[in-house]
Each structure stands twice: as C-alpha cells, then as structure tokens.
Amino acid sequence: MTVPALPVSEAELAARVIEPEDFVADTEAFVDVRIERSKGKASYSFVGPGVSQNADQHISIAEPHGFNVGAATMPHGVYNNAHLHYTPEVFICTRGNWRIDIGRSREHAVHLAADDIFSAPTWVFRGFENTGPDDGFLFVALGGDDTGGIIWEPDVLREAAATGMYLGRDNSLVDARNGEVPTEVLEPLSDGQLASIDSYNQSELSERLVPPDRLRWSQAALLSTVLGPEHHVELAPVIGHGLTQDRRSRPPVGTPHGFALEWLRAASGTSTGLHRHGDSQVVLFIEGDWEVALNEPAHEVSTQPVMGSVASIPASAWRDLRNVGTTSARAVIVTGSDSPSRVEWPAETLERAADAGFGLDAAGYVAPLELLGTGK
C-alpha cells in the first residue's frame with residue numbers, strides 16, 4: 001500500500017515543472033569545454049547534479065529522486081569527448097541526429113534520430129557528436145543520486161590541460177588560464193589502469209538502442225483503460241518494468257538501471273486516470289498538450305506544461321496525466337525503481353473496473369475478476 005502523502009500545493013507543483021524558457025545552460029560543466037572540437041556544447045541539470053564538474057552549476061530540482069535527469073545540446077559537428085560512467089546513462093533524442101561512439105578509439109557507433117532511446121553501458125568510454133544540420137537536443141537520465149562522477153579518456157585530460165583546464169583531486173574544475181600549472185590535479189590514467197574496463201560488440205550495443213519500431217505499445221497497460229474510451233492511453237516500456245499493469249509487457253532493455261523508462265501515448269481527450277504509487281517520477285513532455293493534475297479531486301491543483309517541459313511528481317502523490325489538446329500527445333516517464341511500481345487506484349476506480357469485470361491480481365496486473373481469488 002502506498003504511504004499517504006500530504007496534498008501538493010500550487011506553489012510546489014509550479015516549482016516541480018521546468019519549462020524550456022526556464023532551462024539554464026551550463027557551458028562550463030566539464031574539463032573539455034575549451035578543446036576546439038567541443039566549443040559550443042551546453043549541459044542542463046534538471047533533476048539532481050548529474051555528472052557536472054562545475055561547482056557553480058544550476059540545478060533546477062535538487063531533491064534526490066534515485067536518478068538524475070539532464071540534457072545536452074550543441075551545434076552541428078561539436079563533439080563531447082570520450083568519458084566513462086559508473087552508473088547507467090540513457091540518451092533520449094528529441095531533436096536532431098547524433099552519433100554515440102563507444103570505446104577509447106571509437107571502435108563502435110550508434111546513431112540516434114528523434115524519438116530514439118539508447119542506454120549506454122557502464123564502464124565503457126563514450127563520446128557523442130551532433131551530426132544533424134542544427135542544434136540537436138538530448139535528454140539524459142543517469143542512475144543513482146550519486147553517480148560517482150566520470151573518468152575521462154587520458155588524451156582528453158592532456159588536451160584540456162593545454163587549454164588551461166584541469167580537474168582537482170575532488171573532480172572539480174581547476175581553471176589555470178593564467179599559465180600557472182596547479183599541483184593538486186588528477187593525472188591521466190595509464191593504459192594499465194584502464195585494462196580492466198568493459199567492452200561491447202556492435203550487436204550488443206544495438207540491443208540497447210530502442211527506436212520507435214522496437215516499441216511494443218500496450219492498450220491495456222493500466223487498470224483505468226477498462227473504464228471506457230476516456231482512459232484509452234497506451235504505454236510502451238523501454239527500460240525496466242515501470243508502471244505497466246499488463247502482465248505481457250516486456251521491455252526491450254531489461255538490465256537494472258535503478259529506474260524504469262517508458263513511453264506514454266494519449267489520444268485527444270484521454271487521461272491516465274487518477275492514481276498514485278510510492279516511487280519518484282519525472283515526466284518529459286515530448287509532444288502535444290498535456291495537463292498534470294495532482295491530489296484528490298477536492299484538493300486538485302493542475303498545470304499545463306508546454307511541449308518540451310520536465311515535471312517531477314512527488315512519490316505517493318495522486319496524479320492524473322491528461323491530453324487536453326486536439327491531437328495525440330506523447331511523453332517519456334522515468335520512475336525510480338527497478339521493480340514494477342505498484343500503482344494504486346481510488347476506490348471508485350476499483351469499483352467501476354469490477355463492474356466491467358476486471359481487477360488486479362496479487363502481482364498488481366489487470367486480470368478478469370472471475371478468475372481472481374479462485375486459487376484459494
């Protein structure tokens with residue numbers, strides 16, 4: 001059973017929605033920003049600090065979620081240099097074309113276009129380039145509240161040093177443009193030290209790429225879908241179990257990430273219906289006109305984020321995601337658990353579902369009511 005939460009106030013809801021006009025770009029987030037091929041890249045920290053090395057970074061929502069959500073954007077041809085993560089890094093492409101290189105010497109590559117999602121393996125070097133004609137945009141989800149930082153490919157640190165940029169022993173940026181080489185800095189790792197990092201072949205990497213044609217949409221992913229056409233929304237899992245209450249749903253990427261990620265699609269005038277669960281949640285509004293309503297009806301507060309916004313929904317809060325536009329709407333939902341989220345519904349929804357002949361089994365999946373309880 002989800003632990004009850006106090007109603008969310010209008011002020012708190014407003015603070016949890018980050019619209020594109022509120023995005024704060026960090027152009028000094030990493031040690032490589034002055035390397036010629038990397039000039040012009042920008043990073044964003046929406047939920048949590050991510051892996052930024054800038055002590056002055058702007059974090060939109062600092063509250064721990066169990067994962068981080070940020071973004072990267074940069075002009076055509078600009079490159080984000082090879083680095084290694086300890087926790088999962090998931091790229092969600094919403095605009096442009098990108099190449100993700102894997103390996104110290106770019107041994108393999110994965111190409112992304114709009115609506116593609118790629119989970120980069122941990123403990124491998126990755127870099128990425130905007131190969132599209134204009135500024136592309138990548139949302140990025142990172143595992144854990146503390147990601148452990150990143151390891152740079154040794155040559156990147158050497159090139160950065162030539163521009164006067166170093167990393168201190170605490171992985172913070174050290175700006176030495178005055179020509180004085182600092183003494184307490186991280187030295188590039190040796191080949192011997194890096195001999196034990198992982199490697200993946202092209203086939204293994206392709207399995208971690210989820211373009212639209214790999215999505216398996218479920219029209220019965222939530223109990224509310226049995227109530228009528230006003231709740232005929234669809235879910236398509238990408239990573240982990242997420243919210244789905246369809247026992248036949250299977251994510252293309254099943255390795256533990258510390259969070260689940262899935263697509264939500266809603267026709268005009270439909271909604272998820274009021275529900276809650278005990279996990280932290282972030283919603284990326286990719287397309288369409290959405291309304292986020294929180295709390296039970298007597299205390300409802302709502303907002304209509306513009307397309308491209310990011311919203312954090314508190315654990316245990318009642319919520320309803322509604323398409324208030326005239327066309328189909330899509331969103332990506334990031335939920336802070338590797339286990340299936342146990343979605344709870346109001347008593348009225350359970351009663352209406354029972355009238356329609358459906359309920360939830362002991363595992364939390366939608367099932368015919370006439371078969372529930374017959375095993376006892």
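The values are calculated or read from the model by the stated rules, or taken from the named source; none is laboratory data. Predicted, not measured: the structure shown is a model, and the values here were computed from it. As a convention, Cβ positions derive from the backbone with ideal geometry for all residues, glycine included, and neighbour counts pool all protein chains shown. Protein only, heavy atoms only, side chains kept; ligands, DNA and RNA dropped before computing areas. Shrake-Rupley method; radii C 1.70, N 1.55, O 1.52, S 1.80 Å.
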_Approximate spin-label separation Ala14-Ser199, in nm, with each point projected 7 Å along Cα-to-Cβ_ = 5.6 nm
*Filtered trypsin sites (Lys or Arg not before Pro), region 227-270: DSSP coil and at most 15 other beta carbons within 10 Å*: Arg247, Arg248
_Could you tell me the ratio Rg/Rh of region 45-145? Both radii from Cα atoms, Rh via Kirkwood._
0.95
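Count charges around Glu12 for me, please; just the other residues with Cβ under 15 Å from its Cβ, Lys/Arg as +1, Asp/Glu as -1.
-1
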*Once the Cβ-Cβ distance between Asp213 and Leu372 is put in as r, and R0 is 35 Å, what FRET efficiency do you end up with, to the nearest 0.05?*
0.50
*Scan region 1-46 for trypsin sites (Lys or Arg not before Pro) in coil per DSSP, keeping those whose Cβ has at most 12 other Cβ atoms within 10 Å, and list them by number.*
none
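Within a Cβ distance under 12 Å of Leu294, other residues only, what is the Lys/Arg minus Asp/Glu net charge?
Values: positive: Arg16, Arg276, Arg319, Arg322; negative: Glu10, Glu12, Glu291, Glu296, Glu300, Asp320.
Residues close to Leu294 contribute a combined charge of -2.
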*Out of the DSSP beta bridges found with both residues in region 1-94, what percent are antiparallel (nearest 5)?*
75 percent
*Computed FRET efficiency, Cβ-Cβ of Ala25 and Ser172, R0 22 Å: what is it to the nearest 0.05?*
0.65
*How far apart, in nm, are the 7 Å Cα→Cβ label points at Glu107 and Asp191?*
1.4 nm
*Take peptides 122-133, 308-319 and line them up by average Cβ neighbours within 10 Å, highest first, as a rough protection proxy.*
308-319, 122-133
*Points 7 angstrom from Cα along the Cβ direction at His299 and Asp361: gap in nanometres?*
3.5 nm
*Charge context of Ile92, other residues only, Cβ under 10 angstrom, K/R +1, D/E -1*: -2
*Based on the Cβ-Cβ distance of Glu180 and Arg158, what FRET efficiency does E = 1/(1 + (r/R0)^6) give at R0 = 25 Å, to the nearest 0.05?*
0.90
*asked:* Among (1) 22.0, 78; (2) 27.1, 123; (3) 19.5, 58, only one was calculated for this model; which label is it, if the read-out is Rg and Dmax of the Cα atoms in Å?
replied: (1)
*How large is the accessible surface per residue of the chain, computed with a 1.4 Å probe and reported in Å² as a whole number?*
43 Å²
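List the relative contact order of region 7-133 as a percent without decimals, with contacts defined as Cα pairs under 8 Å and 6+ residues apart.
Details: 245 pairs, mean separation 26.9, N = 127.
Result for region 7-133 is 21 percent.
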_the chain - percent of accessible surface contributed by carbon and sulfur, probe 1.4 Å_ = 50 percent
*asked:* Report for the chain the percent antiparallel among DSSP-assigned beta bridges with both residues inside it, nearest 5.
replied: 95 percent
